[in-house]
1. How many residues does segment A:58-94 hold that are within 14 Å of chain B (Cβ to nearest Cβ) and either assigned to a loop (DSSP other than H, G, I, E, B) or of a type in the set (Lys, Arg) (or both)?
2. For a quick check of your reading: which strands (runs of 3 or more DSSP E) sit entirely within segment A:612-705 and have at least 1 residues that are within 14 Å of another protein chain (Cβ to nearest Cβ) and touching a helix residue (DSSP H, G or I) at 6+ places or on another chain (Cβ under 9 Å)?
3. Grab the strands (runs of 3 or more DSSP E) fully contained in segment A:114-219, keeping just those with 1 or more residues being more than 30 Å from A:Val719 (Cβ to Cβ) and touching a Phe, Trp or Tyr at 6+ places or on another chain (Cβ under 9 Å).
4. Looking only at segment B:472-508, which residues are out of contact with any Leu (no Cβ under 7 Å at 6 or more places or on another chain) and in a loop (DSSP other than H, G, I, E, B)?
5. Please determine whether any residue of segment A:22-39 is touching a strand residue (DSSP E or B) at 6+ places or on another chain (Cβ under 6 Å), farther than 23 Å from A:Gly122 by Cα, more than 11 Å from chain B (Cβ to nearest Cβ) and of a type outside the set (A, V, I, L, M, F, W, C).
6. Against the conditions (1) free of Cβ contacts under 8 Å to residues at least 12 places away in the same chain; (2) within 19 Å of A:Arg566 (Cα to Cα); (3) small (Gly, Ala, Ser), where does A:Ser478 fall short? Just the number, please.
7. Working carefully through the options B:Gly4, B:Gly14, B:Gly98, B:Gly44, find the one that is more than 30 Å from B:Thr527 (Cα to Cα) and away from chain A (no Cβ under 12 Å).
8. For segment A:228-236, indicate whether the set of residues that are assigned by TED's automatic domain parsing to the domain that holds A:Gln331, part of a helix (DSSP H, G or I) and over 21 Å from A:Lys313 (Cβ atoms) is non-empty.
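The values are calculated or read from the model by the stated rules, or taken from the named source; none is laboratory data. Please read all numbers here as calculations on a predicted model, not as lab measurements. Glycine gets a Cβ as well: all are built from the backbone with ideal geometry, and neighbour counts include every protein chain shown.
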Amino acid sequence: MVNQEENINDEGVKIIRTTSAFDCGGRCPLRFHVKDGKVIRVEGDDSADSDNQLRACLRCRSIRQYIYHPERLRYPLKRAGPKGSGKFERITWDEAYDIIVEKLKETIEKYGNQSILYITGGGYFGALHGAGVAYARLLNSLGGYSTSYGNISSQGAIFGTQASYGFGQIFVGNSREDWMNTKLIICWGWDPARQISGTNTLWWLIKAKENGAKVIVIDPRYSDTALVAADQWIPIIPGTDTAMMVAMANVILRENLQDQEFLDKYTHGFDKYKAYVLGDEDGIPKTPEWAEKICGVPSSTIENLAREYANTKPAALEDCQGPARSAMGGQYNRGAITLSAMTGNIGKPGGSACGGLHGIPYGHMFRGIMIPPGRNTAWPKGKSLRGNINPRDRLDTRVHVNKIFDAILNGKSGGYPFDVKFAWFAVCDFVNQIGNANKSAKAMSREDLFTVVPELWLTPTAQYADIVLPVTGFSARSDLTRPWPSGPYFGHMNKAIEPMGECKDDIQIAEELAERLGIKNFKREELIEQYLKNPQLAPVKGILDKYDDINDKWLRLLAVMGQDVRENIEDYDKYKKEGLHRIELKEPYVAFKKNIDDFEKNPFPTPSGKIEIYSDQVASWNNPICPPIAKYIPTWENRDDPLAEKYPLQLISPHPRQRVHSELYKIEWLMEAIPHRMWINPADAEPRDIRNGDMCLVSNDRGTVAIEAFVTRRIIPGVVCIYEGAWYNPDENGIDRGACANTLTKDAMSEGGAAALKTCLVQVILEKGGA
Amino acid sequence: MQVGFYFDQTRCAGCNACRVACKDWHDQPSGSASWMRINYQEEGPFPNIFASYLISNCYHCEEPVCAFVCPNEAISKREEDGIVVVDKDKCREEVPCGLISKEKMGASYSYGELQAPCQIACPVHLHIPAYTALIAKGKFKESLDLIRQRMPLPSVCGRVCLHPCEEVCARKDVDQAIAIEALKGFVADNVSEEPPKRLLQTQSEKVAIIGSGPAGLAAAYDLIRMGYGVTIFEASSRAGGMLVAGIPEYRLPRDVLNRDIDYIKALGVEIKTNTLIDLNQGLEDLLKQGYGAVLVAIGAHKGKRLGIPGADLDGVLVGTSFMRDVNLGKEVKLGNKVLIIGGGNVAMDCARTARRLGATEVGVSCLECCDDMPADILEVDQAREEGIQIYDSRSFTKILNNNGKVAGVGCLEITGCTFDDDGEAHFDVVSDEEHTLEADTVIFAIGQVPEVSNSSIIKISKRGTITADSETLMLGTKGLFVAGDCFSGIASIIDAIASGQKTASKIHRYLQGDVLRVRSSPEIAATEIIIDIPPETEKKERQSMPLLSASERVSNFKEVTLGFSEEAAITEAERCLNCAGHLCKDVCPYSAPQFVEEEKARMQKCNYCVDRFDIGKQPICVEACYARALDSGTLEELKSKYGDIQESPGFSYSISAKPAILFKPKKK
Ligand SMILES: Cc1cc2nc3c(=O)[nH]c(=O)nc-3n(C[C@H](O)[C@H](O)[C@H](O)COP(=O)(O)OP(=O)(O)OC[C@H]3O[C@@H](n4cnc5c(N)ncnc54)[C@H](O)[C@@H]3O)c2cc1C
Ligand code: SF4
Ligand code: SF4
Ligand code: SF4
């Protein structure tokens, strides 16, 4: 038996190298100090070159409070009060399994597999223990389930990217070190100082700035990125980014600053865009003056920016996913791509392809390997959707992710493809994390709905479950991890502690249920035998036989199954021991460089073979609010909506820094460092007699939250900001005391499939002065 | 060797990774106490804002003031590397540091947060126990620096402050209050200071201040330290307001006053004397001339007279004018029998000044009985020693007229007197029988109002003071602010200083485009602080202030008080009970010491991760900073890597200890 070489010091402290598995963008290397089976301290990356260290942020620095928090679940629970009341009683695993098995059987028998709704999210990312796959495999073995379509985070950006660059094109990022080649970085709605767009992104931004690149931040907030890096901050009204981009295009065209050669050679349909921009299409020239009224950005600022962007070569326009999480979705990413094409910055070092996804195809989470979940036979196999990017075509059998609870509430009579009887939520906290939390809570309170939630915490979603199963956290697991969107590296989690209480791994829970349900060949031991029958994998058998632990075997197998892991990692044991393998790139990766450098051989995978400024496919849908070019179209709940009279403030809900979405919410070290507060400009606060630290009520027709005010000039007047992820916690009057942003947001989707969470109007009043 | 930190503010994103890592490594519980703190600063109006973070942990000072004051000697500096470490076993062990009663205070108790009664009673909340502790240890310069951190007039307030702090001193329950005021005067007199360096103007705005009294000076001092340009316009030929025009020299010698004023001027405050500002158009003109804000701090100089017959006679004077004329060297005509009407300090000053000018019979008559006179008891005693008569419990009916000259004052005996909301007095008269106090000169010292009238800009209240929004401290016109006696009505120097400081902070907010209205946290009154004095506390008499004898002083304006000797000062300072404890926290210029909320909480602070240091590792905060804003090493190493030391902004407390943090500031 090969044992991991253990590193134990005089005081009996063992150092375990691992990474996190949160949905933060990083999977930072961590060194757990373990003594007597307990993590007693955490250190970060210690690679010799401190410049290249992948330094963990405050979230993982607080991980001990996360692991040992008194509120972590330790036992299976059964509901012992009304749904949502938070009353549960402890039961045994056997009892829990019996109840679930019986309910599953009954539901399938009475209502069929389509009435089982299985929803997963981003709560854990690892190759072996990904809970999403474990239960999907279980349910597929029983005949399948219904589920959702769309990614809560990035669907808008995915739409924009695919409409422009072609189906399946998601690696639109340059590796971060390419910033050293750029002269201008425009962070448009992107705040990497707060959100981890890959470990070290902020550090590279600082380095690029110190290397002489000018940094401009366009954001309704003077973000921390603006604070550290910006030479210029351009505050903009949310939802109007596309209008400003179009006006920049107008300036560029009128002054003939565009890279016409690039446009001619690589793009499709630019003339249609030009006609729109100059006003030939609708008689309205999209001038900076036109945009000023929409965006709140002075026309001279727009003009100067357009010139600066067009004249500075190369320049990296960095869009993101936040502004695309809105009613007009990915139009903003389409607009950014168009600008980048007009200035010839796509496929060039120091430039940027835009699209908001930032990913590079090395060690990326999207390329991670898992045990496949098998086929879902609950729904007949429809027509192939390859090449089709229309979200509507995906809703025949599924519900949009932001509509899950509307579907639970209204089912077929509401126009959804199924009625839900049995709901299973894994690695997600969607009552909290999708629009309209009050509606979600109402849906989850349906008495005839049976809900299972495997969890680490009694989250707002788990509060409504009938059965809550306690699962292990990442410190008690070994797994293969990958960051998104940039690394590039592979992480290796190493189990540091034994499961707490009666917690189990999801994969184990699925297996134990499978056994009770009489499913054969489900267990890891059985499955691996089958896999090793595959002639391609068979040669590994000899190696795997040397190891006892089934998880260890699987991880080694998965490492072989993953092509990029196989290609990059020669010494698996070294990788495991170090908890990390860095992928060395000879030169910075530049998205679409291959296509641009050798276009003839590498056309874009779009219908036209070019970058589609104009998408014929989108045009064919004939949807006035889903235009084939990047247009500014006013939406519901923007500032001109008549509703603005009642709810005059726009709400944005960016990622929090002190949490990973809703994860880590309970961690005191984080909450005290960065309290959950609403940003509000003095111009909005003063007439409402709101002062710093006052408790405010923020409301609209969907709900009311109570939150402390942070009165700051760092946000544009007319906009308030509540960071997402705080836990929904309604009091007896229905006021959400936890101040979950989604108590206010709408459960709507954009035409491109984005969850429209950043389009939201609210009113703010003072509840009580003085904290 | 001295190890230290390097902090690059241009890189810090305020992410708090350092703070959380520090908490994890040192196993600090949840709670606001944190060895590593990240201060946030926001300036400038939207959208031209400037924001920055500033980390502050321990600076591992070359001469750690915290170590000087710790009564348990729990803090020490390691010879070999200069790390300032705390011995937690010693902290609060031998000598109980902090006597506030946890049991009796109940929920409001929080060690390390509650202040001593004296500190609460002081309108500017001076760190009194801390500066006395520094005096007790012979650290006079450090003590003076600590005082200057909070207020600009230590020499003045070391002599003529009304010292509300001493009223509430807990030591009164043992013997007498600590001589807080005199100790301040001692350090102000006994430290030889270099004039401070002129401060750089870091803000683009300039502020105009009308009036160079304590309110104006205090506002100027704070504003110049915040980086503004400051000009004071003073109508009089001499700067100081009532300090120069009102208070007599025998209580506040002018060289002493000028020492404080010169310090403020050296920082860059310009004082334009002989410049009367028209309080209507003149204020707007200043705004037009480019001053970002104008502060009206004109004091209350118009003395009141009673509306009784004879009040306008020749030989009837008004206290403030009388004092001003004397103080500014004008000739004043006095008779031999001078009677002052009024029982406050101004009355005492008039009486004692009249005595010094040669009046042979001087009396002070007032409504209150002797024990209730508003004047300071020491003042009354000294006046009596100088032969001044007190005629208490009287109301006044008329001034007797002898051919157009004053002959005396008609009085009624009273037993009590109350004032209604409008300031009208009502008396309980003993009998209607009038009697006369003879005099050839009568001086009214019954209060003052600002010398200003209603205008389009200035609105006067019923009490005669200038009205302003009580929260924003702004007049009806944007950019015009008010402070001091002209707003509050006649108060005291230290109140005027506090008022000036408060308005300065509003002016700062105004100029930064910030909200002026802020909620202040509820304040606990000095009298609510309950102290458990150890029963074994020995009595130690208060050091008495040596005075010039009455005969040596009645004929001249020599300073009456002679000041403490060094020995007396140290003995006196040692009497302080240190009610609130946490002296280390109070003296530390960076508030590095932290206390968690638990019983017998020990002081904690950054220890430079000594356990890591000793095995050759960097502090965890340095390793955790993903913006690479932090570095550590010996000062020599850091200097050669990053250039020379710069002191952090906002830390203007010029303690002699040199901070071991190299700092690269973020520039606007
Ligand atoms: C005789 C006397 C003795 C006192 N003794 C004490 C004491 O021992 N302890 C104590 O705490 N308090 C004492 N006080 C009270 C104390 O002096 C005042 O409360 C304090 O000085 C008020 O400060 P201020 O800055 O508001 O105004 P002031 O000190 O009155 O200063 C205002 C200044 O503004 C100037 N000014 C006015 N109008 C204009 C204009 N239009 N243009 C330009 N300049 C103008 C005036 O010339 C003056 O210099 C005493 C007061 C008096 C009268
Ligand atoms: S910074 Fe404060 S705590 Fe640290 S050594 Fe200096 S005085 Fe003491
Ligand atoms: S040096 Fe160590 S103890 Fe000091 S602030 Fe940094 S992490 Fe905390
Ligand atoms: S870790 Fe670095 S960037 Fe973050 S707050 Fe601390 S010093 Fe600033």
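1. In the first step, residues of segment A:58-94 are kept if they are within 14 Å of chain B (Cβ to nearest Cβ); the result is A:58-71.
Now narrow it down to the ones that are either assigned to a loop (DSSP other than H, G, I, E, B) or of a type in the set (Lys, Arg) (or both): A:59, A:61-62, A:64, A:68-71.
Count: 8.
2. On the way: elements: A:649-652, A:677-680, A:695-700.
Qualifying strands (runs of 3 or more DSSP E): A:677-680, A:695-700.
3. Working: elements: A:116-120, A:184-188, A:214-218.
Where strands (runs of 3 or more DSSP E) fall fully within segment A:114-219 and carry at least 1 residues being more than 30 Å from A:Val719 (Cβ to Cβ) and touching a Phe, Trp or Tyr at 6+ places or on another chain (Cβ under 9 Å), they are A:116-120.
4. B:Leu473, B:Leu475, B:Gly476, B:Thr477, B:Lys478, B:Gly484, B:Gly489, B:Ile490, B:Ala491
5. no
6. Of the numbered conditions (1) free of Cβ contacts under 8 Å to residues at least 12 places away in the same chain; (2) within 19 Å of A:Arg566 (Cα to Cα); (3) small (Gly, Ala, Ser), the odd one out for A:Ser478 is (1).
7. On the way: B:Gly14 fails: away from chain A (no Cβ under 12 Å); B:Gly98 fails: more than 30 Å from B:Thr527 (Cα to Cα); B:Gly44 fails: away from chain A (no Cβ under 12 Å).
After applying the criteria, what remains is B:Gly4.
8. At the first step, the residues of segment A:228-236 found to be assigned by TED's automatic domain parsing to the domain that holds A:Gln331 are A:228-236.
Narrowing the set further to residues that are part of a helix (DSSP H, G or I) leaves A:228-229.
Narrowing the set further to residues that are over 21 Å from A:Lys313 (Cβ atoms) leaves A:228.
Checked against the condition, which is being assigned by TED's automatic domain parsing to the domain that holds A:Gln331, part of a helix (DSSP H, G or I) and over 21 Å from A:Lys313 (Cβ atoms), segment A:228-236 yields at least one hit.
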